[in-house]
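Below: one structure, written as structure tokens.
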Amino acid sequence: MEISINIFGSPLNQNHRLIHLYQLTYFLASAMKIMKYIYSVMFATMMILLTASTFNYSFSQTPDSNLASNIINNKELVVPKNVKNFVILIPNEAHESPELPKDQRLINQPYVPQNLVVHPSTKIVWFAGDVGHMRKVILEDENSNKIFNSILKFNSASKALPFNQSGKFTYFETKANKDDPNFVMKGSVTVTGPEPNSSIDVSKNSLKSNFDTLSVIMIPTKDINKHAKILNENSLNILDQYSFKDLRQTAGGGANQTLLVLGSNGPIDTTISTLKKITSTLPYS
């Protein structure tokens, strides 16, 4: 008895010795189609990953840390060597003492970030975002020698300060709060030297950046999209962000302030003017 089957629409006798060749050919053709599909998927996946990697090449951070949240939670930042300028924020209500009722303060530090680690090639700028107050920045070296003194009006910036030597520098303002005369606004800048045995671990909580200028700003969380548009129009990139409930606890159970870390390759004056533009529109301004 003969049994007929249909392969590619043509009836063939099962006993025909060519059926094995047809079956093998059909199997190989099917396998090639499947492999071609798999290769296409693999290629597409690789292109997506490569594109994402290229998009994010300008900013990356250590796997076990988050840049903006580290600034909030640890009050520190290590700046990469190639960054030319860093703008430290004097936030709104920076002059309020932690010994006073907590509803006076927004963020947990008088300077953002309060402790900075940089290389000698990086210049530092202080930006005054403390609404309605005149702020003073006095910088001393490890021998208590005053090497910088700047008085800043609200929504203004200091001159860029270069560092010619390594070491830990302290900056401060005394008598910033009349209700707590003992309170001192205080921050630090540690300048790492070229020596390989430096005590500073420059890889800790650090980042890689292709931007000339880095800065930070604190804005209401609900207004992120509005301010992101202004930043984008002025070529300032949001590198990272972290939302938190401010110390006034005015939000109904949720985060109401967001710290943005910004990067730019334009002139530092553009960064400063953009910060001014945003700060002047904030609700506490």
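The values are calculated or read from the model by the stated rules, or taken from the named source; none is laboratory data. Small disclaimer: the values here were computed from a predicted structure and weren't measured. Here the Cβ is made from the backbone with ideal geometry for all residues, glycine too, and neighbour counts use every protein chain on show. Each accessible area value is taken on the protein alone, full model and side chains, heavy atoms only, with ligands, DNA and RNA left out. Shrake-Rupley method; radii C 1.70, N 1.55, O 1.52, S 1.80 Å.
In this structure, SER209 does satisfy being more than 17 Å from LYS75 (Cβ to Cβ), surrounded by 16 or more Cβ atoms within 10 Å (Cβ to Cβ), at pLDDT below 90 and within 17 Å of the chain's Cα centre (by Cα).
Hey, any hits in region 90-102 for a residue that's within 27 Å of PRO162 (Cβ to Cβ) and at pLDDT 95 or above? Yes: region 90-102 contains one or more residues that are within 27 Å of PRO162 (Cβ to Cβ) and at pLDDT 95 or above.
Selection of region 96-126 for residues being farther than 30 Å from PRO267 by Cβ and either buried (at least 19 other Cβ atoms within 10 Å of the Cβ) or hydroxyl-bearing (Ser, Thr, Tyr) (or both) yields GLU96, SER97, ARG105. Among residues of region 209-222 that are under 30 Å from LEU247 (Cβ atoms), those with a Cβ under 8 angstrom from a residue that is open to solvent by 10 Å² or more (accessible area, probe 1.4 Å) and basic (Lys, Arg), sequence gap 6+ or separate chain, pair up as THR213/LYS84. Cβ-Cβ contacts under 6 Å between residues 6 or more apart (or on different chains), taken from a first residue in region 257-274 that is modelled with pLDDT under 95 to a second residue that is open to solvent by less than 20 Å² (accessible area, probe 1.4 Å) and in a loop (DSSP other than H, G, I, E, B), are listed as GLN257/ASP246. With respect to the conditions (1) touching a strand residue (DSSP E or B) at 6+ places or on another chain (Cβ under 7 Å); (2) surrounded by fewer than 19 Cβ atoms within 10 Å (Cβ to Cβ); (3) more than 18 Å from VAL216 (Cα to Cα), ALA160 falls short on a single one, namely (3). Looking at the structure I just gave you, is PHE183 open to solvent by 10 Å² or more (accessible area, probe 1.4 Å), hydrophobic (A, V, I, L, M, F, W, C), in contact with a Ser or Thr (Cβ under 6 Å, 6 or more places away or on another chain) and part of a loop (DSSP other than H, G, I, E, B)? Yes; evaluated as a whole, the condition is true for this residue. Here region 100-128 is the region considered, the condition is being touching a helix residue (DSSP H, G or I) at 6+ places or on another chain (Cβ under 8 Å), of a type in the set (A, V, I, L, M) and in a strand (DSSP E or B), and the residue that is nearest to LEU282 (Cα to Cα) is VAL112. If you go through region 113-140 and keep only what is touching a Ser or Thr at 6+ places or on another chain (Cβ under 8 Å) and touching a residue at least 60 places away in the same chain (Cβ under 8 Å), you end up with GLN114, ASN115, LEU116, VAL117, VAL118, HIS119, PRO120, VAL125, PHE127, GLY129, VAL131.
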